[in-house]
Amino acid sequence: MEKLLKEISVDGYKAYSVPEADVPIKDPGKILEDKLLRKKQPGLPEISEAELNRHFTRLSKENYALSTNFYPLGSCTMKYNPPVNEKISKLSGLANLHPYQSEDTLQGALEILFELEKNLCEITGMDAFSLQPAAGAQGEFTGLLIARAYFNSKKEKRTKIIVPDSAHGTNPASAALAGFEIVSLKSESNGILNPAKVKEVLTNDVAAIMLTVPNTLGVFEKDILAVEEAVHKNGSLMYYDGANLNALLGVSRPGNMGFDILHVNLHKTFSTPHGGGGPGAGPVGVKKFLADFLPYPSVKKSSEKYFLNYNMPKSIGRVRSFYGNFPVLVKAYAYILASGAEGLKRVSEQAVINANYLLSILGKKLNSPAGNRCMHEFVLSGKDLTLNGVRTLDLAKRLLDYGYYAPTIYFPLIVEEAIMIEPTETETKAALDEFAQTFIKILEEAKTDPEKLKNSPQNTPVTRLNEVEAARKPILHW
Amino acid sequence: MDYISINDQEKKEMFSSIGVSKAEDLFSVIPEKAKVKGLNLPKGLSEQELVSKFEILAGKNISLKQMKSFRGAGIYEHFIPSLVDEITGRSEFLTAYTPYQAEASQGTLQTIFEYQSLITQLTGLDVANASMYDGASALAEAALVSIRSTGKKKLLVSSALHPEYFQVLKTYLQGLAIDIKTIPLDGGNTSTKDLKNLFDPDTASVIIQSPNFFGQIEDLEEIKKLCEPAGFLLISVVNPISLGILKSPGEAGSDICVGEGQVLGNPSGMGGFTFGFMSCKQSLAWKMPGRIVGQTTDTKGRRGFVLTLQSREQHIRREKATSNICTNSALNALAGCVYLSGWGPEGFKKLSTLNLSKSRYAFEEIIKIKGFSAAFSNHNFFNEFVIKTTKDVNKLQSKLLDEKILGPLELEKFFPEFKNCLLFCVTEARTKKDIDKLVDILKEC
Ligand SMILES: Cc1ncc(COP(=O)(O)O)c(C=O)c1O
């Protein structure tokens, strides 16, 4: 267990030094009004550079990461993050640009944005993108504001968004943030939508339906075209949550399925590392008839020169300062260029093969509510374990003991004791076999020695943590 | 190049276990109409080709390492201690995800807890969250907190707020019926007289940036007092580097404080390496959006950390969630954490003072030049200031660029009324020599 910064602080120590002043030093008290000045110094720690380095390095070792452990987090698509992406994004000519430099001095950066937009259009089958949204959820929010602006421009009052009960929690939260009312739609037991049930909730005040394809149970919506027809016939829009695009690269495209708006989680499908939960990027793509509503500015090209176009009178506005999470965009572009058309298709094929392979082994041991086929991820139910008082949570914690980051648990909400596994394409067969064997061993333990699971993990820096206590008596800083 | 390794034998075994004969069988549920026959993208590149392609692209830009920058306006060049990159580059931090499994993520969780602690120290407020996308969206979220917690529907926003923050704020609120009024300027500061006239009991919050977009320091305390007693929230937007010397937002009576964290150990990155920080009073903790890390104990009584107060969050409350934030800017905030940990209070004050002194020096030298004068009579600024000039601004800028200087921002771009006004930024990254060279060129213009 690592001490806190505050606990290793020693009066007078420091890690960084401020350069000697080469201009006359001004005493803030002499040149600024006293009432503007700080009276109490902030309690910043005092630590030598060597100790500070050790502190954070030791903390890094208390972490599971992709570089140290298999990370089968369903829906999060934790695939291998190639170091070359990181290296490229840190090239001085990309990392040290000011957003308000003149366009003449940013031609390389604007070219990257322009080309990335074009590539994303090709990959998803959409006509235009905004790269501005900083994460998937901000992309959802942006997409829904576009839907709102579109109906406003047509003077149609549409106040509702249909969200299946299987959707990610950000979907309804984003719709609410955008000022819509949410109509929850019940999916079938395998997570699939029934077009007849979609029609039942399609009233003339519905602006859009938000779908994740493959759905959150890892299954392709086989009736998607029927759903699309009904939605469009109702004058509503089709919104695609692109968090699961890793299953479809080069195979299928949301644009071809009839979606009008989508966001893509670049930090997932396009392998950009998102340390401890970000930064990500959630570009929003639309069909032509919605392009005018995208956030400004967009990157355009005229006679071999790239420029930022602010002249977008119908735009919903900005959702983030400047031009988005630029380094993440650079990394995603690098990944697309490295992969090429063939490579991207191979990604999805292998992601789907790997997931089905694991399902073919684990699906024999635990119930899989969506059946024996999946796309790039699948959901099992740990309900049978509860006979011995063991919960999915315990299974997850026991996996940590064996050196695996646990899969996503208790999501989607529609599956009891859900456990959602996404191996991704970058894991080898040997790695999958080893994981499967461990998983099965834990299922045996659940029968023979349930206490072992309930008392896990034991091989991690800390044992089971008391989340109830944390919420009841919040300690949120030192 | 791709990142997959599998051989034919392995593939065969996997297909046989699944019960298919080829990959296509796994995609047979997809209707033909939804399929694509190959993407129209070039062939993949080897790592060597890839790096060289990006070196060429990077070479088409002129970076701040090739120029001396006097431009700020929301993104600032500061020196970044080597330790920051060393830590954020560690793959154990870089390639981890949101710490859903606390026992396997203590490193990330503790650094977020340390980060939250440092932000509360700096801002003088009670609680901080684990980071937001950027300063602008953090402000929009703060405005939403004020609307939700007061039940009121009017916002008073200083005209000296960063224009892009204002744009983002407007976008965020367009789905809700909110009345946004801007408070006019008095010189380079928010007009307190106008604020008093605009203020009424329907006001959910007053939003003030300090130092503001023009570099001027605002008297937050006075603004808070002017409007009391009324149940509104004061939301301040601050530059954290200035807090080494300036009164903390908490001391000055802010209820919520937000800002852009890029200045804390992150490069300029074309405005891409951002993180929004947010802190607030205890009473608002349950209303704050985003992730929060809390301290607790394990089964052996040892200290540990978990994501907490989750009942505010989207995965539980869904359509009632107080925000939709999931992926945030954790890695950039980690840079902020490492950056803030190494100066000590004295060092940080010194750093802040150095910014103040350098910009003062530049200001005093520039206003001595014929054709350049201070735009405002009140000289309470931090590391940015506005100069009015009679010179041809286009010529001036291109002359500076020829001499490898990124000149000041032309305010007219955002504020048509500020014609011929230039916003200069001078941080500790500029030497006296850089400043003197700037001054010499301005003299020749
Ligand atoms: C299906 C789905 N939708 C949306 C999101 C939200 O994306 P982000 O975390 O980038 O905001 C996620 C990721 O958590 C997801 O898995």
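The values are calculated or read from the model by the stated rules, or taken from the named source; none is laboratory data. All figures in this text were calculated on a predicted structure; none of them were measured in a lab. All Cβ positions, glycine included, derive from the backbone under ideal geometry; neighbour counts span all protein chains shown. To get the accessible areas, we keep the full protein, side chains included, count just its heavy atoms, and leave off ligands, DNA and RNA. Shrake-Rupley method; radii C 1.70, N 1.55, O 1.52, S 1.80 Å.
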Using only the alpha carbons, work out the radius of gyration and Dmax of the range A:195-336 in angstrom.
-> 16.9, 51
Solvent-accessible surface (1.4 angstrom probe) belonging to B:THR431, in square angstrom, nearest 10 | 60 Å²
Accessible-area loss of at least 50 Å² (1.4 Å probe, chain alone to full protein assembly) applies in the range B:318-346 to B:ARG318, B:GLU319, B:ASN324, B:THR327, B:SER341, B:GLY342, B:TRP343, B:PRO345
Among the aspartates and glutamates, which fall within straight-line cross-link reach of B:LYS300, defined as a Cα-Cα distance under 20 Å, with same-chain neighbours fewer than 8 residues apart omitted?
-> A:GLU2, A:GLU62, A:ASP394, A:ASP401, A:GLU451, A:GLU467, A:GLU469, B:GLU103
Checking rank on A:73-80, A:201-208, with mean other Cβ inside 10 Å and highest first, the result is A:73-80, A:201-208
Please identify the helices of chain A, taking whole runs of DSSP H, that span at least 30 Å along their own axis as judged from the Cα atoms and have a mean Kyte-Doolittle score of 0.0 or higher.
-> A:326-362
Chain A: proportion of alpha-carbon pairs further apart than 36 angstrom, % = 40 percent
Give me the accessible area per residue for chain A, probe 1.4 Å, as a whole number in Å².
-> 33 Å²
For the range A:380-430, go through all pairs of different Cα atoms, get the mean of 1/r, take its inverse, and jot down that Kirkwood value in Å.
-> 11.7 Å
Expressed as cubic angstrom per residue, what is the convex hull volume of the alpha carbon set of the range B:154-203?
-> 56 Å³
With chain B treated as a Gaussian network of Cα nodes joined by springs under 10 Å, which of B:LEU356, B:LEU409, B:LEU83 yields the largest mean-square fluctuation?
-> B:LEU83
Quick tally, 1.4 Å probe accessible area for A:LYS300, B:LYS43, B:LYS404, sorted with the most first, runs B:LYS43, B:LYS404, A:LYS300
State, in square angstrom and to the nearest 100, the accessible area buried between chains A and B, both chains counted, probe radius 1.4 Å.
-> 17100 Å²
Who wins for biggest fluctuation among B:ARG318, B:ARG303, B:ARG360 in a Gaussian network model of chain B, springs between alpha carbons below 10 Å?
-> B:ARG303
What residues in the range A:163-199 lose 30 Å² or more of accessible surface when the other protein chains are added to their chain alone (1.4 Å probe)?
-> A:GLY169, A:THR170, A:PRO172, A:ALA173, A:LEU177
Can you list the GluC sites (Glu not before Pro) in the range B:1-85 that are in a DSSP coil and have 10 or fewer other beta carbons within 10 angstrom?
-> none
How big is the antiparallel share of DSSP beta bridges in the protein assembly as shown, given as a percent to the nearest 5?
-> 60 percent
Quantify how much of the Cα-Cα distance distribution of the range A:128-214 extends past 20 Å, in percent.
-> 36 percent
Under Stokes-Einstein, the range B:83-241 at 4 °C and 1.567 mPa s, with its Kirkwood radius over C-alpha pairs, diffuses with a coefficient in µm²/s of 74 µm²/s
Dividing the alpha-carbon radius of gyration of the range A:1-65 by 2.2 N^0.38 Å (N being the number of residues), what value is obtained?
-> 1.60
Considering only the other residues whose Cβ falls under 12 Å of the Cβ of B:SER117, what net charge follows from Lys and Arg at +1 and Asp and Glu at -1?
-> -2
Per residue, how much space in cubic angstrom lies within the convex hull of the C-alpha atoms of the range B:1-87?
-> 273 Å³
Averaged over all viewing directions, the convex hull of the alpha carbons in chain B casts a projected area in nm² of 28.4 nm²
Per residue in the range B:165-193, which ones lose no less than 50 Å² of accessible surface when going from chain alone to all protein chains (1.4 Å probe)?
-> B:GLN167, B:THR171, B:TYR172, B:GLN174, B:GLY175
Could you pull out every one of the lysines with an alpha carbon less than 17 Å from that of B:LYS170, ignoring same-chain neighbours closer than 8 positions?
-> A:LYS314, B:LYS152, B:LYS153, B:LYS154, B:LYS181
Which value, in debye to the nearest 20, describes the size of the charge dipole of the protein assembly as shown about its Cα centre when Lys and Arg Cβ atoms bear +1, Asp and Glu Cβ atoms bear -1, and nothing else is charged?
-> 1180 debye
For chain B, list the DSSP H helices whose alpha carbon atoms reach 20 Å or more along the long axis and whose average Kyte-Doolittle value is 0.5 or above?
-> B:135-150
Rounded to whole Å², per residue accessible area for the range B:149-242 with a 1.4 Å probe reads 32 Å²
Just how much of B:CYS445 is accessible, in Å², when a 1.4 Å probe is used and the result is rounded to the nearest 10?
-> 40 Å²
What percentage of the solvent-accessible surface of the range B:375-438, computed with a 1.4 Å probe over protein heavy atoms, is contributed by carbon and sulfur atoms?
-> 50 percent
Leaving ligands, DNA and RNA out of it, work out the accessible area of A:GLU349 with a 1.4 Å probe and give it in Å² to the nearest 10.
-> 40 Å²
Taking each pair of different alpha-carbon atoms in the range A:332-474 once, compute 1/r for the pair, average those values, and report the inverse of that mean as the Kirkwood hydrodynamic radius in Å to one decimal.
-> 16.5 Å
For the range A:1-124: Kirkwood Rh in Å [reciprocal of mean 1/r, alpha carbons] | 20.7 Å
With +1 at each Lys and Arg Cβ and -1 at each Asp and Glu Cβ, the charge dipole magnitude of chain A around its Cα centre, to the nearest 20 debye, comes out at 720 debye
Over 30 Å (Cα to Cα) among A:LYS14/B:LYS224; A:LYS222/B:LYS12; A:LYS14/A:LYS61 -> A:LYS14/B:LYS224
Let me know the whole percent of all Cα-Cα pairs from the protein assembly as shown that are separated by more than 52 Å.
-> 13 percent
Straight-line reach from A:LYS6: which aspartates and glutamates have Cα under 13 Å away, leaving out those fewer than 8 places along the same chain?
-> A:GLU46, A:GLU51, B:GLU114
